[in-house]
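What follows is a set of notes on a single structure, which appears directly below.
The values are calculated or read from the model by the stated rules, or taken from the named source; none is laboratory data. All of these numbers come straight from a predicted model, not from anything done at the bench. Please note: Cβ atoms are built from the backbone with ideal geometry, for glycine as well, and neighbour counts cover all protein chains shown. Ligands, DNA and RNA are excluded from the accessible area calculation, which covers all protein heavy atoms including side chains. Shrake-Rupley method; radii C 1.70, N 1.55, O 1.52, S 1.80 Å.
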Amino acid sequence: MGKPGQNARVEALIYDAIRTPRGRGKVGGSLYEVKPVTLVVGLIHELRRRYPSLDPGAIDDLILGCVTAVGDQGMVIARTAALVAGLPDTVAGVTLNRFCASGLEAVNTAAQKVRAGWDDLIIAGGVESMSRVPMASDGGAIAMDPECNYAAGFVPQGVSADLLATLEGFTRDDADAFAARSHQRAAKAWADGAFDRSVVPVRDRVGQVILDRDETIRPEASLETLAALDPSFAAMGEMGGFDAVALQRYHWLERIEHVHTPGNSSGIVDGASLVLVGTEAAGAAAGLTPRGRVVAAAVTGAEPTIMLTGPAVAARKALARAGLTANDIQLYEVNEAFSAVPLRFIRDLDISPEIVNVNGGAIAMGHPLGATGAMLVGTLLDELERRGGRYGMATLCVGGGMGIATIIERV
């Protein structure tokens, strides 16, 4: 067909992308009493309900991103979910971790295996129950070992976000204005039915709905309401010494302006997502109609103290591999870890804010770490279909200083 990034032999086609609503990630959140494996199992059941002609024995693997794979999320939750969902014993399972990129990495890994001819049909996605398994509860040398965090120039990600804002000249008003727009766009998207196809309600054992929409959206958010919030990372930066660590590397700065608050940073939430990826032949055998294809993907490392500049680098790398330019992409989904991240991405790629996160993002709806990347694929595909667009890109900044980007094409 001669399309950019196409493998002449095997394409990695996307047959569907679904997710749970995102619940507030704390005790008392709607999904707190729901086990993370149950979130995944519910989505597997939904795929089987939607596609009764799909032989579950044809599924080769279940690949799940999960950042904090301990406790309820430990011991290869992907394999556990496959078994609990009643998939055949032949369906394998693997859990992977690339921090915030884990869900998108799962989709990319599935696409790579399909394009390589190693597998024919894979369910990929992610899960994170941040209320039940708190972030960083797995420890890790980069944060917990003084020798390692000194060598890596480690600072908490919120301090990195404030460093990025300071370097770029993004003010508190800039960050709050982007956040208010995220909430307003998310509220409008729900009102317009933009998530109706992809969001699967979470139900209890007797079928009663526990949660059927994202729980953290605040339609009333404005510059005035957001301005009342205190910066989240000033104390740890100034009194915890992390500002000093950052300023060792960025010594030309006099100080770090702490502009990020709970209102313009991504929310802590629970959620899961799945994407069905396979060959054309596998889809035809199951009577499936492809919705998209994975055109190209890329990962990159970035300077670890500032940490959050990887999306643009990964995006350019993916675009080069696909033979495309930034202007060929009709829609971008840039994970809103902090306002400064998409603001920097828009500036770096010189693109219009009007095609970035058109249905809101993680500031409004939350960031269930291991699941978010696959959620972005679904949001992107749904919106490309609504608009009749061709190409979209999902990209995330990643802890430890990395970036990831994936280009998909609507078919």
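Points to keep in mind about this one:
- For the stretch 228-273, averaging the sequence separation of C-alpha pairs within contact (under 8 Å, six or more residues apart) and dividing by the residue count gives a relative contact order of 48 percent.
- Principal axis box of the stretch 161-245, alpha-carbon based, largest edge first, Å: 54, 28, 22
- Set against the 2.2 N^0.38 Å expectation for a compact globular protein, the stretch 249-299 has a Cα radius of gyration ratio of 2.23.
- Remark on the stretch 357-406: ratio of C-alpha radius of gyration to 2.2 N^0.38 Å is 1.19.
- Label-to-label distance, nm, for residues given as residue 116 and residue 212 (7 Å Cα→Cβ offset): 4.2 nm
- Volume per residue of the convex hull around the Cα atoms, evaluated for the stretch 3-95, comes out as 147 Å³.
- Altogether, the Stokes-Einstein calculation at 20 °C and 1.002 mPa s, with the Kirkwood radius of the stretch 115-261 over Cα pairs as Rh, returns a diffusion coefficient of 112 µm²/s.
- The helix-based estimate of mean residue ellipticity at 222 nm for the chain, built from -39,500 (n - 2.57) per DSSP H run of four or more residues and divided by its residue count, is -10500 deg cm²/dmol to the nearest 500.
- Förster radius 25 Å - calculated FRET efficiency between residue 289 and residue 203, Cβ distance, rounded to 0.05: 0.40
- Semi-axes of the equivalent ellipsoid of the stretch 36-146 are 26, 16, 10 Å, computed as sqrt(5λ) over the eigenvalues of the C-alpha gyration tensor in descending order.
- Loop-resident chymotrypsin sites (Phe, Trp or Tyr not before Pro) (DSSP state other than H, G, I, E or B) in the stretch 47-155 with no more than 16 further Cβ atoms inside 10 Å of their Cβ: 118.
- Taking the Cα atoms of the chain, the ratio Rg/Rh between the radius of gyration and the Kirkwood radius comes to 0.95.
- Between residue 230 and residue 328, the contour length at 0.36 nm per residue exceeds the Cα-Cα span by 31.3 nm.
- The stretch 150-206: C-alpha pair distances exceeding 18 Å, %: 61 percent
- Mean projected area of the convex hull spanned by the Cα atoms of the stretch 249-365, taken over all viewing directions: 10.2 nm².
- The share of Cα pairs per 10 Å bin across the stretch 197-236, counted from zero up to the longest distance, runs 21, 28, 22, 23, 5 percent.
- For chymotrypsin sites (Phe, Trp or Tyr not before Pro), the sites in the stretch 195-256 that DSSP calls loop and that have at most 11 other Cβ atoms within 10 Å are 252.
- The H on the amide N of residue 11, modeled in the peptide plane, is under 5 Å from the matching H of 280, each at least 5 residues off or on a different chain.
- Max mean-square fluctuation residue, GNM over the chain, Cα-Cα springs under 10 Å, options 110, 151, 312: 151
- With protein chains left intact and a 1.4 Å probe, residues in the stretch 35-125 average 39 Å² of accessible area per residue.
- Hz values of 3J(HN,Hα) by residue in the stretch 338-352 - Karplus curve (6.51, -1.76, 1.60), Gly and Pro given as x: 8, 3, 4, 5, x, 4, 5, 4, 4, 5, 4, 8, 6, 10, 7
- Near the amide H of residue 338, within less than 5 Å, lie the amide hydrogens of 266, all on another chain or at least 5 residues away, with H placed in the peptide plane.
- Packing here is the average count of other Cβ atoms within 10 Å per residue, and on that basis the peptides 363-372, 48-57, 31-40, highest first, run 363-372, 31-40, 48-57.
- Dividing the mean sequence gap of close Cα pairs (under 8 Å, 6+ apart) by how many residues the stretch 29-145 holds gives a relative contact order of 34 percent.
- Taking a sphere under 14 Å around the Cβ of residue 299 and counting the other residues whose Cβ falls inside, with K and R at +1 and D and E at -1, yields a net charge of +3.
- Couplings for the stretch 116-129, taken from phi via the Karplus curve 6.51 cos²θ - 1.76 cosθ + 1.60 with θ = phi - 60°, read 6, x, 7, 9, 10, 8, 9, 9, 10, x, x, 8, 7, 10 Hz in order; Gly and Pro are left as x.
- Where a label projected 7 Å from the Cα of residue 142 along Cα→Cβ would reach, residues of the stretch 300-335 with amide N under 18 Å: 300-315, 335
- Anisotropy class of the stretch 339-386 from Cα gyration tensor, a/c 1.5 cut: oblate
- Atom-type composition of the exposed protein surface of the chain places 54 percent of the accessible area on carbon and sulfur (1.4 angstrom probe).
- Shape index of the stretch 93-184: Rg/Rh, with Rg the Cα radius of gyration and Rh the Kirkwood radius from the inverse mean 1/r over Cα pairs, equals 1.08.
- Charge tally in the Cβ shell below 10 Å around residue 216, where Lys, Arg are +1 and Asp, Glu are -1, residue 216 excluded: +1
- Choice from 202, 107, 377 with maximal GNM fluctuation in the chain (Cα, 10 Å cutoff): 202
- Most fluctuating residue given options 337, 228, 322, as computed from a GNM of the chain linking Cα atoms under 10 Å: 228
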